Structure formats: C-alpha cells, structure tokens
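The next block holds one structure in the form of structure tokens; read it before the comments.
The values are calculated or read from the model by the stated rules, or taken from the named source; none is laboratory data. Given the structure is predicted, the values throughout are model-derived calculations rather than measurements. Cβ coordinates were reconstructed from backbone atoms using ideal geometry, including for glycine residues, and neighbour counts include every protein chain displayed. These accessible areas exclude ligands, DNA and RNA; they are computed on the full protein's heavy atoms, side chains included. Shrake-Rupley method; radii C 1.70, N 1.55, O 1.52, S 1.80 Å.
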Amino acid sequence: MKKHLLAGSVPQCETCTGLVKPNIVFFGEGLPREFRIGLSMVEEADLVIMMGSSLSGYPFAVLPGRAREGAVRVLINNEKAGGIGGRPGGVHLLGGCDWGVRRLAE
C-alpha cells in the first residue's frame, strides 16, 4: 500500500485485478449485488427486523422506507431511529440487541 500511496497509483488485487479498497460503499459507487438482492427482499417481506443501527448512514438508511405497505417493521436498538413508528406496523424494542431478540422470541 505504501508503494502505491507514494507513487500516487491505484492498488489492484493480483488475483482478480479489482480495486483494493475498504469493505465499504463509496459515494457514487454502485451498490454491491448482495445489497441489491437484500433491498428487493425488504420490498417483498412481511416482517423487517432492524437491529443495532442508527439507520443514518446510506445506503442502509433507506431500508425502513422500502418496506412494503402493511409490512411490520421492528427496530431493536438503544434509541429510536429510521423513522420507525411513523406509520402503522412500526415496533420499537428499545434496549440492547440481545435483550431485544429475547423479547421478540417471547
């Protein structure tokens, strides 16, 4: 990496020739295939459970709003987030994720 930084070049994987970069989505970059598949699943789901997230970073911040009308959206988190509760079918389980999952299982 240091060699590339000093040379001002872009590091590429020696195996697949793809860019070497952190495991994140950069602004303006296409979303990974797995996220696109997950997004279509959210749009069709009867139940969407979001856990341990402020839901303020994109692209994940859009997920609660993409749930279909009538789907139940459950947020397990230390605080309210993502506009859950702004329409019918929104449930808050405010507390830690371990506690929230146990509560949901009950």
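In the condition set (1) open to solvent by 70 Å² or more (accessible area, probe 1.4 Å); (2) modelled with pLDDT of 85 or more; (3) within 14 Å of the chain's Cα centre (by Cα), Tyr58 is compliant with all but (2).
Residue selection: Arg102 fails the criterion of being at pLDDT 85 or above, surrounded by 14 or more Cβ atoms within 10 Å (Cβ to Cβ) and of a type in the set (D, E, K, R).
Restricting attention to segment 64-85 and to residues that are in a loop (DSSP other than H, G, I, E, B) and open to solvent by 70 Å² or more (accessible area, probe 1.4 Å), the residue that is farthest from Met50 (Cα to Cα) turns out to be Glu69.
Against the conditions (1) within 16 Å of the chain's Cα centre (by Cα); (2) open to solvent by less than 80 Å² (accessible area, probe 1.4 Å); (3) modelled with pLDDT of 85 or more, Gly96 satisfies every one except (1).
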